[in-house]
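Below is one structure, written out as C-alpha cells; the observations come after it.
The values are calculated or read from the model by the stated rules, or taken from the named source; none is laboratory data. Note that this is a predicted model, so its numbers are computed, not measured. Heads up, the Cβs are rebuilt from the backbone with ideal geometry, glycines too, and the neighbour counts pull from every protein chain shown.
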Amino acid sequence: MFNKLKPKSEFSSNVLTLMTGTTIAQAIPIAISPILTRIYTPEDFGIFALYMSVATIISVVATGGYEHAIMLPKKDEDAVNIVALSVIISCFVSFLVLLMVFVFNSQITSILGNPEISSWLYFVPITVLFSGIYQSFNYWTNRKKYYKRLSGSKIVQSGTTVTTNLVLGFNGVGSAGLILGSIFGQISAIFVLGKNILIQDNKVFKNINKFKIIMFARKYIDFFKFSTFSSILNTLSFSLFTILLSKVFSIAILGFYSLIYRILTLPSALVGNSISQVYFQESTIQKKKFGNNKNIFKVTIKKLTLISVLVYLPMYFYIEELVIFVFGGKWHISGEIAKILIPLMFIRFISSVMSSTLTTYEKQKPGLFINFILAFSVIVIFGITYTNKLGLYQFFYLYVFIMSMWYFLFLGYYYRLSKGKE
C-alpha cells in the first residue's frame with residue numbers, strides 16, 4: 001500500500017525529497033513566529049529587513065554568477081573547477097565589501113535613513129561570503145542529485161536560526177537577535193553541505209586546477225557579464241522595494257510588510273524552490289536530448305497552478321483574521337497588506353519557478369532585460385506614490401497591478417523558449 005503512495009517519476013520523487021526538508025525547515029520559524037512577534041517589535045523586523053536587503057543585493061554578485069554554470073559541463077571534473085571559481089570570487093567580493101563599509105559607513109547609513117543600521121553594516125561582508133559559499137555548494141549538490149543533503153542543510157539552518165532568535169530575543173537584544181540568527185544559520189548550512197562534499201566528493205575535488213579555473217572563467221564569461229547584472233536587477237526589484245518602503249513610509253511599516261511577506265512567500269519556499277531546482281536539472285537534461293524542454297515545462301506549470309490555487313484562494317478570504325489571531329492585534333496592518341498582495345503572489349509563484357528556463361537556454365541578455373523592467377517598475381511605482389502622495393494601501397494596489405502584469409507576460413516568454421525555437 002505504501003509503495004502505491006510513492007511518487008512514480010524521478011522528477012516527483014526528487015521534488016518530494018526537497019519539499020519534505022524545506023517544509024520542515026520552514027515550519028520551524030513559522031511555528032515560533034507567534035513568539036517572535038511578541039518578543040520583537042515591528043521596528044526590529046524592519047531593521048532586520050533593511051539589513052537583509054543590503055546584504056542580499058551584494059550577495060547576488062558574490063559568485064560572479066558562475067554558480068549557474070556548475071550544472072552545464074558534462075564532466076564533474078570540469079564542474080568542480082567552477083565551484084572553486086565561485087568560492088574564490090565570493091572571498092574577493094566580501095573583502096571588497098568590508099573595505100567599502102569601513103570607508104563609506106556614514107554615507108551608506110545616511111542613504112538607508114536609519115542610524116541603527118550603521119554598526120550592523122560591518123556584518124554584511126560575512127553574510128555575503130557565506131551566501132556565496134552556500135550557493136556554490138548548493139548548485140554542486142543539485143548537480144549530483146544529492147537532494148537529501150539539501151533538505152538536511154535547510155533543516156539545520158532553520159533550526160540554528162530560530163534557536164538563536166529565541167535565545168537572544170528573550171535576552172532583549174532587539175534586532176541583533178534576528179540578524180545574528182541569520183548568520184549562524186548560514187554557517188550551519190555550509191557546514192552540513194561542506195562536510196558531505198569532503199567525504200563523498202573528495203576525489204573529484206582533487207581535480208581543481210588553476211588553469212582550468214581560468215579557462216572556465218573565460219568560457220562562461222557571459223554568466224558574469226549578463227547573469228550577474230541580471231541578478232542584481234532582480235534582487236533590486238525586491239530589496240530596493242524594501243529600502244524605499246522604509247524611506248517613503250516608515251521602518252515600522254517595513255516591519256509589518258516583512259513579516260507578512262515571509263508568510264505569503266511560504267508556498268514558494270516550501271514547494272517553489274524545490275520544484276525549481278528539480279525543474280532546472282530536468283529541463284537541462286531534456287534540452288540536451290531533444291533540443292527543447294516543453295514537456296517538463298507543461299508538467300511543471302500545471303502542478304504550480306494547482307498548488308497556487310489551493311494555497312492562495314483560501315488565504316485571500318481568511319488572511320486578515322488569521323494574522324490577528326496568530327501574531328496579535330498590533331500586527332493587523334500586516335493582514336490588510338497581505339490581502340492586497342495575494343493576486344501578485346499567485347502569478348509570481350508560478351513565473352519565478354519557470355524563470356530558470358532562461359538559464360537552461362543561456363538567455364542571459366533577455367534575463368537582464370526582464371530584471372531591468374522589474375527594478376525600473378519599482379522605482380516608477382514609488383515615484384508615482386511620492387509625487388501623488390498616495391496612501392499605503394493605494395500604493396500596494398498600484399504595485400500589485402503593474403507587477404502582476406509583467407510576471408504574466410514573462411511567463412508567456414518562458415513558454416516560447418521551452419519549445420526550443422527562440
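Overview of values
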| read-out | value |
| --- | --- |
| Residue in segment 43-54 that is more than 23 Å from Ile232 (Cα to Cα), surrounded by fewer than 19 Cβ atoms within 10 Å (Cβ to Cβ), outside the structural domain of Ile263 (by TED's automatic domain parsing) and modelled with pLDDT of 80 or more present | yes |
| Filter result for Glu67 (at pLDDT 80 or above, within 24 Å of Tyr146 (Cα to Cα) and part of a helix (DSSP H, G or I)) | yes |
| Of the criteria (1) more than 19 Å from the chain's Cα centre (by Cα); (2) surrounded by fewer than 21 Cβ atoms within 10 Å (Cβ to Cβ), which one Val83 fails | (2) |
| Cross-chain or 6+ apart pairs with Cβ under 7 Å, segment 104-117 first and assigned by TED's automatic domain parsing to the domain that holds Met52 and farther than 17 Å from Phe249 by Cβ, then loosely packed, with under 15 Cβ neighbours inside 10 Å and of a type outside the set (Phe, Trp, Tyr) | Thr109/Pro115 |
| Residue within segment 330-349 that is under 30 Å from Ala252 (Cβ atoms) and hydroxyl-bearing (Ser, Thr, Tyr) present | yes |
| Answer from Leu193, Leu166 - the residue that is in contact with a Ser or Thr (Cβ under 8 Å, 6 or more places away or on another chain), surrounded by 16 or more Cβ atoms within 10 Å (Cβ to Cβ) and of a type in the set (A, V, I, L, M) | Leu193 |
| Verdict on Ala69 being closer than 21 Å to Ser237 by Cα, surrounded by 24 or more Cβ atoms within 10 Å (Cβ to Cβ) and within 20 Å of the chain's Cα centre (by Cα) | no |
| Gly383 vs. criteria surrounded by fewer than 16 Cβ atoms within 10 Å (Cβ to Cβ) and either within 22 Å of the chain's Cα centre (by Cα) or under 20 Å from Leu233 (Cβ atoms) (or both) | yes |
| Meets criteria (aromatic (Phe, Trp, Tyr), within 24 Å of Asp44 (Cα to Cα) and surrounded by fewer than 21 Cβ atoms within 10 Å (Cβ to Cβ)) for Phe130 | no |
| Subset of segment 386-401 [of a type in the set (Val, Ile, Thr) and loosely packed, with under 14 Cβ neighbours inside 10 Å] | Thr387 |
| In segment 314-330, the residues that are modelled with pLDDT of 85 or more, within 20 Å of Arg38 (Cβ to Cβ) and crowded, with 19+ Cβ neighbours inside 10 Å | Ile319, Val323 |
| Residue in segment 115-124 that is under 19 Å from the mean Cα position of the chain (by Cα), of a type outside the set (Phe, Trp, Tyr) and either modelled with pLDDT of 85 or more or part of a helix (DSSP H, G or I) (or both) present | yes |
| Leading residue by the ranking (farthest from Ser334 (Cα to Cα)) among those in segment 232-250 that are buried (at least 22 other Cβ atoms within 10 Å of the Cβ) and of a type in the set (Gly, Ala, Ser) | Ser239 |
| Complete set of residues in segment 326-349 that are under 20 Å from Ser237 (Cα atoms) and either of a type in the set (A, V, I, L, M) or not assigned by TED's automatic domain parsing to the domain that holds Tyr397 (or both) | Ile337, Ala338, Ile340, Leu341, Ile342, Leu344, Met345, Ile347 |
| Some residue of segment 282-305 being surrounded by fewer than 16 Cβ atoms within 10 Å (Cβ to Cβ) and closer than 20 Å to Ile402 by Cβ | no |
| Ala25 in contact with a Ser or Thr (Cβ under 8 Å, 6 or more places away or on another chain) and either crowded, with 21+ Cβ neighbours inside 10 Å or at pLDDT 85 or above (or both) | yes |
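Residues are listed down the side, and each one gets a yes or a no for (1) within 30 Å of Tyr146 (Cα to Cα); (2) part of a loop (DSSP other than H, G, I, E, B):
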site	(1), (2)
Ala49	no, no
Thr63	yes, yes
Val87	yes, no
Ser94	yes, no
Phe104	no, no
Ile111	no, no
Thr127	yes, no
